[in-house]
Amino acid sequence: MVLRSFKLALMVALFVTAVPFYKAQAQSSEFSAQVEQERQQLASYGFYKWEWLKNDCSNCELFILTTKPELRTEKVQLFIQSLGLHKSELQMLYKIHGAEYNLLAHMAIGILGRESEFFTSTRYQFKETFPILVRVAKILRHMMDDSGKNVSNNSRGPTQIKIVPKKVAAAYGITPDDLHIPDNAAIATMGFLIESLNELKRRIPLNKLENVTPETYVDYLPYIYFGSSRALVKKTATPDKNLYVQAMKHYMSWVEVYERESVMTPLLN
């Protein structure tokens, strides 16, 4: 009787454990089917898969498809939509080619994941809720430091930008206090990345960066973005071992980039 009761209890325990597992599996299958349906819908609207150095349309419309449920939140979707909606404006503002814009937009999503776990990390939420405390902590740390460096600005927004680019501030009126808004964060991130790419290109001949080519922009551009350009100059940058770069590229794999040459029908609902 004891053995029989034990077997019954074990079966119940296994069943209770299996229910969430199979439920999760079903939800995963449903989401995968939804993503595949959206791919087909994009194709019917004239969008095709974009790849860096393979597609060179200068003024194509951009659409970024999220392939992970974690990215289907309101804030993340607003951030991603803004990357496409403001593409032509930012291209004109910075005179950047459409293919380069697409690459940087793709990287912006990777940075969003790396810096704030897509608006959700405790660290990000604390910094946005108590920016004054963060500033005071920096000042106190500076007072204990004998390096002579100036106190740096707080990094703000879900992509942790220290300075809103002047062109973006002038054209859109965005300030650091506005970067918690997904649309503003997307615009400012793109402006910062475009300026970082220009800086990287300038340094290639200046610092003889033979390893930095269009094929490796995604590996070395983050060093400009997160303030470690010295590693480029001293040639100590190791993107294959850098946790920031690897995390960014991991999150970049969570989306697919599409473009089309003309507006046809409304986008996905």
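The values are calculated or read from the model by the stated rules, or taken from the named source; none is laboratory data. Being a predicted model, the structure only gives us computed values, none of them experimental. Please note: Cβ atoms are built from the backbone with ideal geometry, for glycine as well, and neighbour counts cover all protein chains shown.
Select from the stretch 50-90 the residues that are outside any loop (DSSP other than H, G, I, E, B) and either within 20 Å of GLN40 (Cβ to Cβ) or in contact with a Ser or Thr (Cβ under 8 Å, 6 or more places away or on another chain) (or both) and list them in ascending order.
Taking the stretch 50-90 as the starting set, the residues that turn out to be outside any loop (DSSP other than H, G, I, E, B) are 61-66, 69-71, 74-85, 87-90.
Hits for the stretch 50-90 are GLU61, LEU62, PHE63, ILE64, LEU65, THR66, PRO69, LEU71, VAL76, GLN77, ILE80, GLY84.
Looking at the stretch 193-210, which of its residues are part of a loop (DSSP other than H, G, I, E, B) and in contact (Cβ under 8 Å) with a residue 12 or more places away in the chain?
The first filter runs over the stretch 193-210 and keeps only residues part of a loop (DSSP other than H, G, I, E, B), leaving 207-210.
Those that are part of a loop (DSSP other than H, G, I, E, B) and in contact (Cβ under 8 Å) with a residue 12 or more places away in the chain: ASN207, LEU209.
Looking for whichever is under 26 Å from SER196 (Cβ atoms), hydrophobic (A, V, I, L, M, F, W, C) and under 14 Å from the mean Cα position of the chain (by Cα) here; the options are LEU53, LEU65. Which one fits? Let's see the steps before the verdict.
On the way: LEU53 fails: under 14 Å from the mean Cα position of the chain (by Cα).
It is LEU65.
Is there a residue being at pLDDT below 95, within 16 Å of the chain's Cα centre (by Cα), closer than 30 Å to PHE126 by Cα and in a loop (DSSP other than H, G, I, E, B) anywhere in the stretch 211-226?
Yes, some residue in the stretch 211-226 is at pLDDT below 95, within 16 Å of the chain's Cα centre (by Cα), closer than 30 Å to PHE126 by Cα and in a loop (DSSP other than H, G, I, E, B).
Against the condition of a type in the set (Asp, Glu), under 17 Å from the mean Cα position of the chain (by Cα) and either crowded, with 19+ Cβ neighbours inside 10 Å or more than 15 Å from LEU103 (Cα to Cα) (or both), how does ASP240 come out, does it pass? Before you say what the answer is, go through the steps one by one.
Details: of a type in the set (Asp, Glu): yes; under 17 Å from the mean Cα position of the chain (by Cα): no; either crowded, with 19+ Cβ neighbours inside 10 Å or more than 15 Å from LEU103 (Cα to Cα) (or both): yes.
Criteria not met by ASP240.
For residues that are within 19 Å of SER121 (Cβ to Cβ) and touching a strand residue (DSSP E or B) at 6+ places or on another chain (Cβ under 9 Å), tally how many sit in the stretch 177-210.
Number of matching residues: 5.
Determine whether ALA105 is modelled with pLDDT of 95 or more, in a helix (DSSP H, G or I) and farther than 19 Å from TYR225 by Cα. Talk me through it step by step, then tell me what you get.
Values: modelled with pLDDT of 95 or more: yes; in a helix (DSSP H, G or I): yes; farther than 19 Å from TYR225 by Cα: no.
Answer is no for this residue.
So SER253 ticks every box in (1) under 17 Å from the mean Cα position of the chain (by Cα); (2) within 23 Å of TYR94 (Cα to Cα); (3) among the polar types (S, T, N, Q) but one. Which box is left unticked?
(2)
Could you figure out which of (1) under 16 Å from ILE163 (Cβ atoms); (2) part of a helix (DSSP H, G or I) isn't true of ILE174?
All conditions are met except number (2).
Across the stretch 181-229, what is the total count of residues that are crowded, with 20+ Cβ neighbours inside 10 Å and among the small types (Gly, Ala, Ser)?
Qualifying residue count, the stretch 181-229: 5.
Suppose we filter the stretch 87-107 for residues that are under 16 Å from TYR172 (Cβ atoms) and under 16 Å from the mean Cα position of the chain (by Cα); how many remain?
So the count comes out to 1.
Does the stretch 154-166 include one or more residues that are assigned to a helix (DSSP H, G or I) and at pLDDT 95 or above? Spell out how you get there, then give the answer.
To start, the set of residues in the stretch 154-166 that are assigned to a helix (DSSP H, G or I) comprises 166.
Right, trim to at pLDDT 95 or above and you get 166.
The answer is yes; a qualifying residue exists.
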